[in-house]
Amino acid sequence: MTRRQRRLTLIGTAAIILSLAAALALSALRDSIVFFVTPSELAAKPIESGSRFRLGGLVEQGSIAKDGLTIRFRVTDGGANLPVSYHGLLPDLFREGQGVVAEGKLDGAGVFVADTVLAKHDERYMPREVADALKKQGHWQGEHKAGAAK
Amino acid sequence: MIAELAHYALVLAFVLAVLQAILPLWGARKNDLTLMGVAEPLAVASFGFIALSFAGLMACFVRSDFSVLAVYSNSHSLQPLLYKITGVWGNHEGSMVLWVFVLGLFSALVAVFGRNLPARLRANVLGVEALIAAVFLLFILTTSNPFLRIDPAPAEGQQLNPILQDIGLAIHPPLLYLGYVGFSITFAFAAAALIEGRVDAAWARWVRPWILLAWVFLTLGIAMGSYWAYYELGWGGYWFWDPVENASLMPWLAGTALLHSAIVMEKREALKVWTLLLAILTFSLSLLGTFLVRSGVLTSVHSFANDPSRGIFILVILVVFIGGSLALFAVRAPALKQGGLFAPISREGALVVNNLLLTATAATVFTGTLYPLVLEALTGEKISVGAPFFDRTAGPLLLCLLLVMPAGPLLAWKRGDLRGVAERLTFAAGIAAVVAAVTLWLAKGGPILAAAGLFCAIYAIIGALIEFSERLQLFRASASVSLSRARGLPRSAFGTLLAHIGVGVSLLGIVAEAGWSQEKVVALKPGDQISIASFDLSFEGLQQREGKNWRDQVGRFEVRRGGVPVATLEPSKRAYVVSNQPTTEAGIKTFGLGQLYISLGEPMPGGAISARIYWKPLVILIWLGGVVMALGGALSLSDRRLRVGAPKPARRAAMAPAE
């Protein structure tokens, strides 16, 4: 094998592997990313039922209703709210008036059916998207300022 | 007083690091042996002061000195001693001190064990290492001072985040830091080689023990972190493709590639420029990880520190070091003597494919981790890139890597015998196919992807064993010949075998967990029965239990198998006295290599409780594989030919490179 052929083999192999990686990444980016939406954004620009997204905001006061392992609550960002239903175990820090991020789809009746619910990670910390959304709506209380200054 | 002394020690360490960064580099340039010689004592002294400062901070935590802000925010007098100590690095400021402590440690290790290095190389390596240390010490002193006082001192602290009050915090961050800060040494070696404009097989030989050392710790750190997340978070998952996890995975992927390319460089004097680039990239990814975790740009389980002003400082460090080293690379690399090209069908050829696949995987993880941040910065749109993305990109690439892996050691250097290798691997593939088919039959079916993964895992393990038995002439020569051949083999050969088997073992666990786990989410009243896999569980009810700084609601589960009681599981909901923040403590029991895992939800009206119950077959193999890989690395490291302090071989013949 000549030097030239060896070089071509090397470049060829590299090109094949890198284009495989690029193809995988591009196709996965098209199909498997999930958008983050707040209730106000959803009200302004509706999303069709059946497509996945992440919903973020606060669990509205007094909106939690439990029935066995099924739970219903409303997520609000101060501007608009959306009913959510979830079947399963809730995270430790899921509470009324606290930040929450839920992932799932809208059903035909306009209820957000979540398959994953994330709450904030500790007493002082709020999911960043939720904090941003609240600031946008002018409902930011600076609730976790002590935590941020930490 | 202790806090002030410790603060002062940190300032001294900074001054010494600045000197260590300037004098030896200048000495190496001027060929002044005296100036170069100050590097070692400075490195040791600087590390000494960092260690003093670290010890001082630890003393503040142990004594519960709440007049120190970091102690007040992250400790409590009722906290058990262990968590008072681990609380030192359970927060931003303290974890940065741990970071520079590890950096200083490696610097001192090079000073002490690097006596066999040529004076100029050693001076340059220590100089570059000190430059990193100086910048991070400055970062701590100006933006993250852990010794700030509050006046008047509060009577009681706010306690460490309950999720972090776990033995995992004692082990995981130190191991992880030893790993990814350890790669700073290989970065310094690469920068030193570029500054000198000279790099050869001997360089690869000197740098390899450091790569191995860092890699072993990083491997253990990642495995440990994964197990910690698994039992502590209560979701039964062991890897979430969380940006903070990816931040440690990226240097691991690049470091693994580096580990292999350095072998080619040492043995065949090829891939020199590429190896230098990889060394720079690996530590750059470590720095990127530090930035992601420490700057608070992420929303993640691990970001217990968030302050954007620090982020900008780290971003500047990131840009200066990565940009600087890449610029140095761009200027100097073309002038380096190129290594030879080699035949594609050879061990070095296989190692190139290994490198391509590993770096391509690192690149896809990089894309998935940073894409959401970049997109948000540019368009304001918020997206999340989660497990589905990484499963579809890193997954196939790593499976390809596994298919190539056994071929590498089977191929000879320079010119390999593709046919012979293909025959042997067909044999391995045959066995793997049979095992996969039998497993599918025994398990009464399962996902096709899991079967494919199972095939790859067994093929990788058998492939590694075949290569090894060839070297011993097992089954072909008499047992005594095989035994004496085994004695003659270098330890690094056993290291390769173990590390490659470890990869297969981990994959086996991952595949079994993904394909054959069972999960039940239920609401249970006392006396209720439930079955999962071959187990029958009965819920006995809830009990109260008190710990030093927490109160538990324990759910008791009696477990029977075939009517025989085999275990009692006691998962609990834990409320910490100080903050009343609840955590979930999973109940886990190991049966063989599988685990029964129960985590409790909230109590419901009527004495009932919700619970998640999992049976995860072979799940332990996931972490055991990591430990086996690390053992392999440690075994290679102990190889006489690679021993850090080994004298420089005088004769060319003694230079036979380790594998």
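Readers should treat all values here as calculations from the given coordinates under stated rules, not as data from a laboratory. Predicted model only: the values in this text are computed from it and were never measured. Counting neighbours? That spans all protein chains shown, and the Cβs are built from the backbone with ideal geometry, glycine included.
Points to keep in mind about this one:
- A simple rule links phi to the HN-Hα coupling: the Karplus curve 6.51 cos²θ - 1.76 cosθ + 1.60 with θ = phi - 60°, which for segment B:232-249 gives 8, 7, x, 9, x, x, 10, 8, 10, 6, 6, x, 6, 5, 4, 4, 8, 6 Hz, with x for Gly and Pro.
- Cross-link pairs beyond the 28 Å C-alpha cut-off, checked among B:LYS444/B:LYS525; B:LYS520/B:LYS548; A:LYS66/B:LYS84; A:LYS105/B:LYS382: B:LYS444/B:LYS525; B:LYS520/B:LYS548; A:LYS66/B:LYS84
- For segment B:131-139, the Karplus equation 6.51 cos²θ - 1.76 cosθ + 1.60, evaluated at θ = phi - 60°, returns couplings of 4, 4, 4, 4, 5, 6, 5, 4, 4 Hz by residue, with Gly and Pro reported as x.
- Proximal charge balance of B:ILE345 [Cβ under 13 Å; K/R count +1, D/E count -1]: +3
- Amide H contacts of B:HIS76 (H built 1.01 Å from N, under 5 Å, at least 5 apart or other chain): B:GLN159, B:LEU160
- Here the contact order of chain B, divided by its residue count and restricted to Cα pairs under 8 Å and six or more residues apart, works out to 12 percent.
- Inter-label distance for A:SER63 and B:MET604, nm, one decimal - labels placed 7 Å from Cα along Cα-to-Cβ: 2.3
- Counted charge near B:LYS84, where neighbours are those whose Cβ lies closer than 13 Å (Asp, Glu -1; Lys, Arg +1): +1
- Counting Lys and Arg as +1 and Asp and Glu as -1 over every other residue whose Cβ lies under 13 Å from the Cβ of B:ARG560, the net charge comes to -1.
- Coupling constants for segment B:471-482 follow from the phi torsions by the Karplus curve (6.51 cos²θ - 1.76 cosθ + 1.60, θ = phi - 60°), and in residue order they are 5, 8, 6, 4, 6, 9, 9, 6, 4, 5, 5, 4 Hz; glycine and proline get x.
- Relative to the current alpha-carbon distance between B:PHE427 and B:MET1, full extension at 0.36 nm per residue lengthens the span by 146.4 nm.
- Relative to the compact-globule estimate of 2.2 N^0.38 Å, the Cα radius of gyration of chain B comes out at 1.02.
- The mean number of partner chain beta-carbon atoms within 10 angstrom of a residue's beta-carbon across peptide A:86-93 is 5.
- Taking amide H as placed 1.01 Å from N in the peptide plane, the amide H of A:SER63 sits under 5 Å from that of A:ARG74, each at least 5 places away or on another chain.
- Projecting the Cα atoms of B:GLY416, A:VAL34, B:TYR180 onto the dipole axis of the protein assembly as shown, where Lys and Arg carry +1 and Asp and Glu carry -1 at the beta carbon, places B:GLY416 farthest toward the positive end.
- Across segment B:527-632, Cα pairs under 8 Å and at least six residues apart give a relative contact order of 16 percent.
- When the GluC sites (Glu not before Pro) in segment A:26-62 are filtered for DSSP coil states and for at most 10 other beta-carbon atoms within 10 Å of their beta-carbon, the remaining sites are A:GLU48.
- Segment B:405-516: relative contact order as a whole-number percent, Cα under 8 Å and 6+ apart: 33
- Between A:LEU90 and B:GLU602, the built amide H atoms are under 5 Å apart, and every one of these is 5 or more places off in sequence or on another chain.
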